[in-house]
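J.: So that we are looking at the same thing, I have put the structure below in structure tokens.
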Amino acid sequence: MQEVAFQLSFLLKDDPDFGTEGRMWGIDAPEFGETRKVAALAWLQGATVNHYVPKSREARYAEDYARLGLANDRWDQFMGGHDCLSRCADFLEGFAVPEQYRLHRIGPETPASILDALEQTASACGVLPPMTPVLFGQLRKAAYFCLEAPDGGVAACAGACMRNHSDSRFGQAAWWGMLATRAEDRGQGLSLYLGAMAACSMHAQFGVGEFYTGVRSDNVVSRHVCQKLGVYDSDYACLAILDPAAFGEGGYTK
């Protein structure tokens, strides 16, 4: 999926109708008449996504996609603004990174061993890291972080990126997420720390003032983390549209 999405980047990266957080290309807040265009993206990549879908309309979209032979998945869209940035700044001020843990901002210079460990930690938590050009902030403005543990593994990771073109109506908002902590490092607030670091970095470097992410309705832990950092459930949903030949009836990430 990501390999196809990377190839599509050469066609879509400058088009404000399309956006990517580094997993696949999608169309946010589509009109009902665009469902066939969305379906084409799903068939090309194996999956696509719609953010900013009003919850009052998501059933209709799901029906349209199912009628075209596509499977559906969904998350509640959590959103944060000024309160998020304020809470994140307060959290960072009062947090101390545990001794012998090392913070990395992911980029081209990041050692391959850290990238491999990041993938292992994220995958173990059911989280799909983005393609490298987004992870490094090359294809989209982004800030991804991880904490290297004393044993050389990645204890936790998080990040954010401006998944939409600057000319899009969502061009000043940032997708925020990829929060994951490996089992042996949980209970220390590491995801909160890296999530706050990602949000504050995007604000300081790119002027981002709005953040959004998708959270499962039954994921109590993620909902708590989001709310603690000022990111709350909204009137929108995130819809995944999946080609059953690629993903069956399941999804690509938690």
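J.: Do any chymotrypsin sites (Phe, Trp or Tyr not before Pro) in the range 59-116 lie in a DSSP loop with no more than 15 other beta carbon atoms within 10 Å, and if so, which?
T.: Numbers: sites: Tyr61, Tyr65, Trp75, Phe78, Phe91, Phe95, Tyr101; in loops: Phe95, Tyr101.
The qualifying sites are Phe95.
J.: How much of the pair distance distribution for the range 65-120 lies past 16 Å, counting alpha-carbon pairs only, in percent?
T.: Cα-Cα pairs of the range 65-120 separated by over 16 Å account for 72 percent.
J.: Return the carbon/sulfur percentage of the accessible area of the chain, one whole number, probe 1.4 Å, all protein chains in place.
T.: Numbers: 5570 of 11040 Å².
Ligands and nucleic acids excluded, carbon and sulfur give 50 percent.
J.: Amide H of Tyr232: which non-local residues (sequence gap of 5 or more, or other chain) have their own amide H closer than 5 Å, using H built in the peptide plane?
T.: Those qualifying (amide H under 5 Å, at least 5 residues apart or on another chain) are Met79, Gly80.
J.: Computed over the Cα atoms, what is the radius of gyration of the range 23-95 divided by 2.2 N^0.38 Å, N being its residue count?
T.: On the way: Rg = 16.5 Å, N = 73, 2.2 N^0.38 = 11.2 Å.
So the range 23-95 has a normalised radius of gyration of 1.47.
J.: In addition: How many Å² of accessible area per residue for the chain, probe 1.4 Å?
T.: Numbers: 11040 Å² over 254 residues.
On a per-residue basis, 43 Å².
J.: Then there's this: Quote the convex hull volume per residue of the range 142-187, based on C-alpha atoms, as a whole number of Å³.
T.: Numbers: hull volume 3.1 nm³, N = 46.
Here the figure is 68 Å³ per residue.
J.: Moving on to the next point. What translational diffusion coefficient, to the nearest whole µm²/s, does the range 1-63 have by Stokes-Einstein, given a Kirkwood radius computed over alpha-carbon pairs, a temperature of 25 °C and 0.890 mPa s viscosity? Each step should come with its number before you reach the end.
T.: Working: Rh = 12.0 Å.
In µm²/s, the coefficient is 205.
J.: Binning every alpha carbon pair distance of the range 153-224 at 5 Å from zero, what are the percents per bin?
T.: Binned Cα distances yield the sequence 3, 16, 23, 22, 17, 11, 5, 2, 0.
J.: Give me the three principal axis extents of the range 97-254 from the C-alpha atoms, as integers in angstrom, largest value leading.
T.: Taking the Cα atoms of the range 97-254, the three principal extents are 42, 37, 31 Å.
J.: For the range 129-137, take each phi angle, set θ = phi - 60°, evaluate the Karplus expression 6.51 cos²θ - 1.76 cosθ + 1.60, and give the result in whole Hz per residue in order, putting x for glycine and proline.
T.: x, x, 4, 3, x, 7, 4, 8, x
J.: How about the range 64-170: which GluC sites (Glu not before Pro) there are in a DSSP loop, with at most 15 other Cβ atoms within 10 Å of their Cβ? Could you put the intermediate results ahead of the total?
T.: Details: sites: Glu93, Glu99, Glu109, Glu119, Glu148; in loops: Glu99, Glu109.
For GluC sites (Glu not before Pro) across the range 64-170 that sit outside H, G, I, E and B with at most 15 neighbouring Cβ atoms in 10 Å, the list reads Glu99, Glu109.
J.: Counting pairwise Cα distances across the range 1-141, what percent come out greater than 23 angstrom?
T.: On the way: 5024 of 9870 pairs.
In whole percent, the long-distance tail amounts to 51.
J.: Now for a different question. Could you tally up the Lys pairs in the chain with alpha carbons closer than 23 Å? Skip any pair fewer than 8 positions apart unless they're on separate chains. Mind showing how you got there, number by number?
T.: Working: Lys13/Lys37; Lys13/Lys141; Lys37/Lys55; Lys55/Lys254; Lys228/Lys254.
So the count of such lysine pairs works out to 5.
The values are calculated or read from the model by the stated rules, or taken from the named source; none is laboratory data. Note that the coordinates shown come from a computational prediction; the quantities given were computed from them, not determined experimentally. Counting neighbours? That spans all protein chains shown, and the Cβs are built from the backbone with ideal geometry, glycine included. Heads up: the accessible areas ignore ligands, DNA and RNA and are worked out on the full protein's heavy atoms, side chains in. Shrake-Rupley method; radii C 1.70, N 1.55, O 1.52, S 1.80 Å.
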